[in-house]
Structure formats: C-alpha cells, structure tokens
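The values are calculated or read from the model by the stated rules, or taken from the named source; none is laboratory data. Quantities reported herein were computed from a predicted structural model and do not represent experimental measurements. Cβ coordinates were reconstructed from backbone atoms using ideal geometry, including for glycine residues, and neighbour counts include every protein chain displayed. Just the protein is used for accessible areas: all its heavy atoms, side chains included, with ligands, DNA and RNA removed. Shrake-Rupley method; radii C 1.70, N 1.55, O 1.52, S 1.80 Å.
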Amino acid sequence: MTAEPAAAVRPRNRRQLIVEAGAAVFSERGYHAASMEEIAARVGITAAALYRHFPNKYALFAECANVMADRLVAALAEVPPDASLAEIFAAVTRVTVAHRETGGVYRWEARYLERDDRRLLAAKFARVVERVAAAVRREHPGPAEHLRAVAALGAIGSITTHHNAIAQRRVEDLLQAAARRVAAADPAAAPAPFVEIPAPP
C-alpha cells in the first residue's frame, strides 16, 4: 500500500521570506523590472499565494523599503545610550553587511515611494542619523557634525552596491574604518590622497 504524501507545511515566516525575496529582486532589477511572479518563484510559492500577503507590488516594495530601516533602528536600540562611535558603527555595519544583497532597494525608494511612505521612511533614517551625529558631536566636535554622520553612514551603506566576494569580518573592518575616518574628518581640510585598498588574496 502506497503511503499518502505528507502535506506541505506552510512556514510561519512566509511573509518575512517574501519580503527578503522582494527586496533582493527590487535591488537587482529596480521597481518596474521586478515582477511579483519572480518574487513568488524565489520563495517557492505561486503568485496567487503571494497576493494573499500583499495586495500589489507597491505594497510589497513599501514594506521592503521599511524593513532595513527598522533593522537599523532596532540594532541601535540595543546599543547603550553612551556607546562609543565605534560601537554604534559596529552595530550598523553588522546589519548592513548581513543584508547587503537587499540594501540596494534604497536606490529606488525615492523615485517610487508615495509621499506619506517616503516621509515615514525618512523619519526612521533621521533617528539613525541623529544617533550617529550625537556620538560624532561627543567624540569629534566641530563643523558639519550632522553631515559627517550622514557621510559615515553612506560609507557603510556603500557595500550594498558592490558584489565583491570578501570575508564578512574583513569587509566589516574595512567599512567601520572608513566610517570612523569620515566621522573624524575636518571638512575644511584639503582632501586626503586617494589610497587604493588592495584586493584580498
């Protein structure tokens, strides 16, 4: 007697899997070129099943855009209020590197998010920037503290546009070093000479 096949078990984190897949596809292809069918296929479900979680592509895109910001806010919430700039950069870098394949969604959000969604996302990022700026003011007081905080976060976020195969610990160290250097920079000083970072062996 042939046994009946076991019923497929629906994962409890299916919505999270959809968001991760959606962010990856949006990052790779951009908003318009991404399709719900491709996103569903990456999760291993039908498009109809995907639409039970998100009514349309925009709704999924908006959630993808917010997830990374929420992760950064959550990571910094776990860092003590008096944490050093190095500790703050370490927390931001860990989250960014862990999700580097999906962080590229922010190349598209400003163009496609509706005004209210864009404002919500901007408020979340403003919290992250202000936390960094406060540490910059403590450790490197001087002109353009907010600008240096934004630039330092940009240095960390730059990993989402690269596809080099570098060990996680190595890339985290490089990004944190770059962020610390930017945060401590004097905007009025002459630019430092370009130093090329050698490729890993």
Report, in deg cm²/dmol and to the nearest 500, the calculated mean residue ellipticity at 222 nm for the chain, where each DSSP H run with n ≥ 4 adds -39500 (n - 2.57) and the sum is divided by the residue count.
-19500 deg cm²/dmol
How big is the chain on each of its three principal axes, counting only the C-alpha atoms and giving the largest first in Å?
77, 45, 34
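Can you compute the FRET efficiency between Arg14 and Ala98 using 1/(1 + (r/R0)^6), with r the Cβ-Cβ distance and R0 = 22 Å? Round to the nearest 0.05. Before the final figure, lay out the partial values.
Numbers: r = 20 Å, r/R0 = 0.93.
Given R0 = 22 Å and the Cβ-Cβ separation, E is 0.60.
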Under the rule rounded for a/c under 1.5, else prolate if a/b exceeds b/c, else oblate, using alpha carbon gyration tensor axes a ≥ b ≥ c, segment 14-64 is classed as rounded
When ligands, DNA and RNA are left out and all protein chains stay put, how many square angstrom of accessible area per residue does segment 61-184 have with a 1.4 Å probe?
51 Å²
Quick one: pull the percent of accessible area on the chain belonging to carbon and sulfur, 1.4 Å probe, ligands and nucleic acids left out.
57 percent
Given a Förster distance of 30 angstrom, what is the FRET efficiency for Arg118 paired with Arg52, based on the Cβ-Cβ distance and rounded to 0.05?
0.65
Burial-style ranking of 18-24, 173-179, average other-beta-carbon count within 10 Å with highest first, yields 18-24, 173-179
Roughly speaking, what is the stretch gain from Asn164 to Val73, that is 0.36 nm per residue apart minus the C-alpha to C-alpha distance, in nm to one decimal?
30.1 nm
Counting only DSSP loop positions in segment 58-127, the GluC sites (Glu not before Pro) whose Cβ has at most 10 other Cβ atoms within 10 Å are Glu78, Glu114
Rounded to the nearest 10 Å², the accessible area of Asp117 at probe 1.4 Å:
40 Å²
Checked segment 59-146 against the a/c 1.5 cut and the a/b vs b/c comparison, axes a ≥ b ≥ c from its Cα gyration tensor; verdict prolate
